[in-house]
Amino acid sequence: MFQYISGKVAEVGGGKAVIDVNGVGFLLQISDTTAGQLAAASDGNAKVYTYMNVREDLIELYGFAALSELDTFRMLIGISGIGPRAALAILSVLSPEKFALCVLSDDAKSISAAQGVGLKTAQKIILELKDKISKAQIPTGSKARDAFRESVQIAPSGQDGVLSEAVNALCVLGYTRIEAAEALSRVASDGMPLEKLIREGLRQLNTDK
């Protein structure tokens with residue numbers, strides 16, 4: 001019914017936002033990511049993409065600052081057992097791009113960090129969406145994209161294999177695949193031995209804290 005709502009940001013907080021459109025306030029359920037972007041709107045105006053959830057006893061509008069967030073939300077609620085609240089919780093801890101990386105790399109741990117989403121549910125999400133999410137949803141030119149492409153899809157050989165082994169080694173130490181890949185993408189160079197790559201990756205991870 002509504003593709004988007006454009007107006008003045010009247011209220012933001014507690015997982016909700018009110019957008020004033022010519023004197024009419026639209027109440028939207030939002031993720032923490034969208035809340036941050038709405039709160040930072042320099043002129044107080046915003047364009048919010050929407051999804052209307054209709055039940056017998058309730059009609060709710062969900063709002064998203066980016067179309068990619070709405071697309072991810074639609075994919076999530078298309079999974080049996082994943083409702084709008086759970087989908088928002090996931091989008092509150094992971095951007096659409098990082099969520100795609102998690103799915104492509106089987107990183108259920110990062111997805112389960114969302115409130116109310118257990119490890120089994122995260123694994124189900126990955127199973128359902130892995131064939132639906134394309135690498136096109138990961139930003140072109142992103143170092144994290146290149147690292148994940150190598151660690152997830154390329155058979156271990158040469159430097160690609162070294163990077164994949166380094167990602168796996170850092171995961172064993174308790175880091176998520178996203179954290180490991182992003183850290184290694186900053187320090188990796190052609191011909192770097194596995195031991196040095198792991199060591200430099202750990203140094204980078206400790207620097208980021």
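Surface composition of segment 1-125: carbon and sulfur make up 50 percent of the accessible area, probe 1.4 Å. What you get for the chain, charging only the Cβ of Lys and Arg (+1) and of Asp and Glu (-1), is a dipole of about 140 debye around the Cα centre. Note on the chain: dipole from Cβ charges, positive end direction compared against L38, V172, A17; the farthest Cα belongs to V172. Excluding ligands, DNA and RNA, the accessible surface per residue across the chain is 52 Å² with a 1.4 Å probe. For segment 14-137, the equivalent ellipsoid derived from the alpha-carbon gyration tensor has semi-axes of 26, 16, 12 Å in decreasing order. With a cut-off of 12 Å between beta carbons, the residues surrounding K8 carry a summed charge of -2, where Lys and Arg count +1 and Asp and Glu -1.
Exposure check, 1.4 Å probe, all protein chains in place: S80 carries approximately 90 Å² of accessible surface. Between segment 76-129 and segment 164-203, how many Å separate their Cα centres? Taking the Cα centre of each part, segment 76-129 and segment 164-203 sit 24 Å apart. Note: relative contact order over the chain, using C-alpha pairs below 8 Å and six or more positions apart, is 12 percent. Which entry is the computed mean projected area of the Cα convex hull in nm² for this structure: [x] 13.4; [y] 17.7; [z] 12.6? From the options [x] 13.4; [y] 17.7; [z] 12.6, the structure gives [x]. A Förster radius of 22 Å, combined with the Cβ-Cβ distance separating F2 from E56, puts the computed FRET efficiency at roughly 0.60. Pairs of Lys residues in the chain, spaced 8 or more positions apart or belonging to different chains, with C-alpha separations under 22 angstrom: 27 in total. Taking label positions 7 Å along the Cα-Cβ direction at both A10 and R199, the computed distance is 6.1 nm, reported to one decimal. Based on the alpha-carbon gyration tensor of segment 46-98 and its eigenvalue square roots a ≥ b ≥ c, which shape applies: rounded if a/c is under 1.5, prolate if not and a/b is larger than b/c, or oblate? Since a/c reaches 1.5 but b/c is at least a/b, the shape of segment 46-98 is classed as oblate.
The values are calculated or read from the model by the stated rules, or taken from the named source; none is laboratory data. Computed from a predicted model, the values in this text were never measured in an experiment. Ideal geometry is used to build each Cβ from the backbone, glycine not excepted, and the neighbour counts take in all protein chains shown. Keep in mind that these areas ignore ligands, DNA and RNA; they rest on the heavy atoms of the full protein, side chains included. Shrake-Rupley method; radii C 1.70, N 1.55, O 1.52, S 1.80 Å.
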